[in-house]
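So the structure is just underneath, and the comments pick up after that.
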Amino acid sequence: AYLASALLALAAVLAPLSSARSQEPNPCGDSVLAVAALELFPPAPLEKRLSALRIFGDCRTRMSVGAVTNAMSHDESPSVQTAAADALGRIGTPAAREALGEYLRNGRVAPVRVHAQKALARLGEWPAVRERLQDENEAPALRVQALQLLAAGKQATDAELAAWATHPSPDLSA
């Protein structure tokens, strides 16, 4: 299933790319994006997959959102998954935001969820961050990070800050 979804995501990235472009090297040109798309999935080495994610994020490549989301959710490497979350945050489209929010709510890998939450905060998606803070079943580290992000973004209420300053769990006091 992973390979099939990876191939579909790859096809979506490659389809709009034209083969005839100018000779000038362009860090976000079609040929660079095509190579990145080919190197995003295994069996490409880890370094190549991470490089592809940097390219997609730096170029804010909308057409790569499906492929990058696939890497975030299914790659076996936590490094690739966290880099994918970061890339989606830099891409910032509605589809990228939705993918980050979905992973934050339902993802299984804690470090990826941390990166997804940071990316959503950078994008100003405060309701998604606040939802993690208010979910008492959420992992304590993610709740603390949510409060820190809300406070740094001047989005935390005085009541939220006061409640957490006196929280009974030492893991949860900011």
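The values are calculated or read from the model by the stated rules, or taken from the named source; none is laboratory data. These figures come from a predicted structure and were not determined experimentally. Neighbour counts are summed over all protein chains in view; Cβ atoms, including those assigned to glycine, are modelled from backbone coordinates with ideal geometry. Ligands, DNA and RNA are stripped out before the accessible areas are found, and what is left, the full protein with its side chains, is counted by its heavy atoms. Shrake-Rupley method; radii C 1.70, N 1.55, O 1.52, S 1.80 Å.
Going through segment 47-75 one residue at a time, which ones are hydrophobic (A, V, I, L, M, F, W, C), over 13 Å from Val112 (Cβ atoms) and touching a residue at least 24 places away in the same chain (Cβ under 8 Å)?
Here is the first cut: in segment 47-75, the ones hydrophobic (A, V, I, L, M, F, W, C) are 50, 52-53, 55-56, 59, 63, 65, 67-68, 71-72.
Applying the additional criterion that residues be over 13 Å from Val112 (Cβ atoms) yields 50, 52, 55-56, 59, 63, 65, 67.
Scanning segment 47-75 gives Leu50, Ile55, Phe56, Cys59, Met63, Val65, Ala67.
Give the number of residues within segment 42-76 that are open to solvent by less than 20 Å² (accessible area, probe 1.4 Å) and more than 17 Å from Leu100 (Cα to Cα).
Looking only at that region, the number is 2.
So, Val80, is that one at negative phi, in contact (Cβ under 8 Å) with a residue 40 or more places away in the chain and aliphatic (A, V, I, L, M) or not? Can you show your working first?
Values: at negative phi: yes; in contact (Cβ under 8 Å) with a residue 40 or more places away in the chain: no; aliphatic (A, V, I, L, M): yes.
No: the conditions fail for Val80.
Kindly indicate whether any position in segment 51-63 is at pLDDT below 95 and either over 15 Å from Ala37 (Cα atoms) or in a helix (DSSP H, G or I) (or both). Outline the logic, then answer.
So the first thing to find is which residues in segment 51-63 are at pLDDT below 95, and the list is 61-63.
Checking which are either over 15 Å from Ala37 (Cα atoms) or in a helix (DSSP H, G or I) (or both) leaves us with 62-63.
Yes, there is a match, as at least one residue in segment 51-63 is at pLDDT below 95 and either over 15 Å from Ala37 (Cα atoms) or in a helix (DSSP H, G or I) (or both).
For segment 94-121, enumerate the residues that are open to solvent by 20 Å² or more (accessible area, probe 1.4 Å) and among the hydrophobic types (A, V, I, L, M, F, W, C).
Hits for segment 94-121 are Ala95, Val109, Ala110, Val114.
Under 6 Å between Cβ atoms, which residue pairs at least 6 apart in sequence (or on different chains) link something in segment 137-165 that is without any contact (Cβ under 8 Å) to a residue 12 or more places away in the chain with a partner that is open to solvent by less than 50 Å² (accessible area, probe 1.4 Å)?
Within 6 Å, the pairs are Glu138/Arg132; Ala156/Leu150.
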